[in-house]
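**Student:** Before I ask anything, here is the structure I am working with.
What follows draws every value from the coordinates through simple rules; no lab data is involved. Computed from a predicted model, the values in this text were never measured in an experiment. Don't worry about glycine lacking a Cβ; one is built from the backbone with ideal geometry, like all the others, and counts go over all protein chains shown.
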Amino acid sequence: KEKPSLHVFDTLESEVRSYCRSFPTVFTKAKGYTLWDAAGEEYIDFFAGAGALNYGHNNPVLKQKLLQYIQEDGVTHSLDMATEAKQQFLERFRQVILEPRGLSYKVQFPGPTGANSVESALKLARKVTERSTVIGFTNAFHGMTLGALSVTGNKFKRSGAGVPLHHSVSMPYDGYLGENFHTIDYMENYIQDTGSGISLPAAIIVETIQGEGGINVAGAEWLRRLEKLCKEHQIVLIVDDVQMGCGRTGTFFSFEASGITPDIVCLSKSIGGYGLPMALTLIRPELDIWEPGEHNGTFRGNNLAFITASEALRYWENNDFSKEIIDKGELLNLRLCSMVSSFPQLKGQVRGRGLMQGIAFETNGVAESLCELAFSKGLIMETSGTDSEVAKIMPPLIIDQTGLNRGLDILEQCMKELAA
Ligand code: PMP
């Protein structure tokens, strides 16, 4: 089939500086883990809206609830007003997510995006501790606003701000300097080095697995030591679960596997359930010292998102969904490991957990070529890592084993062609 409406695509390319070059077609329809373009070509989605579509495109149950709500003229936009949709979401979030995990957080709606949640976390930590510095990590990604960018460990993204960013220190992430370098020991020495004029940081912000940074996984013990370090020095521990939360790694919160309890948790992307903008900042109750109105935003009361978010939480009412993610993650891992060992000349290494995995390649350009080739065969996936060295596999969590295998068959064929 001919590629569709190249004219439209050309217009987009020339007028909008966007990522559309990576996926050169015009998409018209999407359902579950599949997208279609204007020529009727089918694509398997191993990208899932960068983690915003954990429950798939146009999830039929969520869609039904949304349509019904709109049909009945439910409130769509409500700022801080109490609405039935918001109350239902809050109640269900408490019942299904927080209480069974023994977690006690106040829930804030900081605005529609992940960066809004990160901003609110950074601001609150600074206000609570009356300290200014925040520690972030090498290769971290926290968003595009000034505060979030100041703790993002990516030179290219930081250069978007034009001039150096303040109030942040970058520390080596777990494993960044090799297995024998104990980064927590280093941090412990650093923050206590008052002789050098170092003052205690307000917060440490961490992703348990760095999604944009190249699927770097922090060890459970490392995270526990990080938590201990924070406790000892009254540093606010912020876990940015914007991408790894909502089940991506097999548990609702990515930090559950390590048993830590962050002071603040940032959630967004898939919390809205249907790809609708929504974000949460979960705050340990003692830290909630804000006066009403000290942090807000016009789109903090997106009731359409509350409707789909409430319904999406049904997936978490028992352990089956979690178990399915872990099972599919094991299948994914087995197949990726087998591909990597079948084509050793590509020098790939499998990384990740649950349905957040990928292959890191030693040679620059391999991951990009792989994604490009995959797209030409009907598979959508993106690269990650500072040098785009990782081919990232992040399908919707609702994908069935058949869909997963179909996508992986394409990937295997691409690896074979690249290795030839
Ligand atoms: N934190 C993490 C870990 C992310 O992956 C992202 C988005 N990729 C953000 C924050 C920023 O979210 P948003 O783009 O919705 O502002």
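**Student:** Average projected area of the Cα convex hull of the chain, in nm²?
**Tutor:** 21.4 nm²
**Student:** For Asp288 paired with Ser338, estimate the spin-label separation in nm (one decimal), with each label point 7 Å from Cα along the Cα-to-Cβ line.
**Tutor:** About 5.0 nm separates the two model spin labels.
**Student:** Which of these, Leu379, Leu287, Leu355, has the largest mean-square fluctuation under a Gaussian network model of the chain (Cα springs below 10 Å)?
**Tutor:** Leu287
**Student:** GluC sites (Glu not before Pro) within segment 73-168: which are DSSP loop residues with at most 12 other Cβ atoms inside 10 Å?
**Tutor:** Answer by residue number: Glu130.
**Student:** Under a GNM of the chain (C-alpha, springs under 10 Å), which listed residue has the highest mean-square fluctuation: Val217, Val163, Val118?
**Tutor:** Val163
**Student:** Hey, rough spin-label estimate for Asp193 and Glu372, points 7 angstrom out along Cα→Cβ, what's it come to in nanometres?
**Tutor:** Here the answer is 4.3 nm between the modelled labels.
**Student:** Quick one: Cα convex hull volume of segment 74-316, Å³ per residue?
**Tutor:** Spread over its residues, the Cα hull of segment 74-316 gives 125 Å³ apiece.
**Student:** Expressed in nm to one decimal, what extension gain is obtained for the pair Arg101 and Met144 from 0.36 nm per residue of sequence separation less their Cα-Cα distance?
**Tutor:** Contour length minus the Cα-Cα distance gives 12.4 nm.
**Student:** Could you please rank Lys323, Lys392, placing first whichever residue has the fewest other Cβ atoms within 10 Å of its Cβ?
**Tutor:** Values: Lys323 11, Lys392 26.
Listing Lys323, Lys392 from fewest to most nearby Cβ atoms yields Lys323, Lys392.
**Student:** Please report how far the C-alpha centroid of segment 342-420 lies from that of segment 74-94, rounded to the nearest whole angstrom.
**Tutor:** Cα centroid to Cα centroid, the span is 39 Å.
**Student:** Please compute the contact order of the chain in relative form: average sequence separation of alpha-carbon pairs under 8 Å and at least six residues apart, divided by the residue count, as a percent.
**Tutor:** Relative contact order comes out at 22 percent.
**Student:** Also, quick follow-up: As an exercise, find the ratio Rg/Rh for segment 184-251 from alpha-carbon atoms, using the Kirkwood inverse-distance average for Rh.
**Tutor:** In segment 184-251, Rg relative to Rh is 1.03.
**Student:** Find how much the distance from Lys155 to Asp73 grows on full extension, using 0.36 nm per residue of separation minus their present alpha carbon separation; answer in nm with one decimal. Could you put the intermediate results ahead of the total?
**Tutor:** Numbers: separation 82, 0.36 × 82 = 29.52 nm, distance 4.68 nm.
Full extension of this stretch gives 24.8 nm more.
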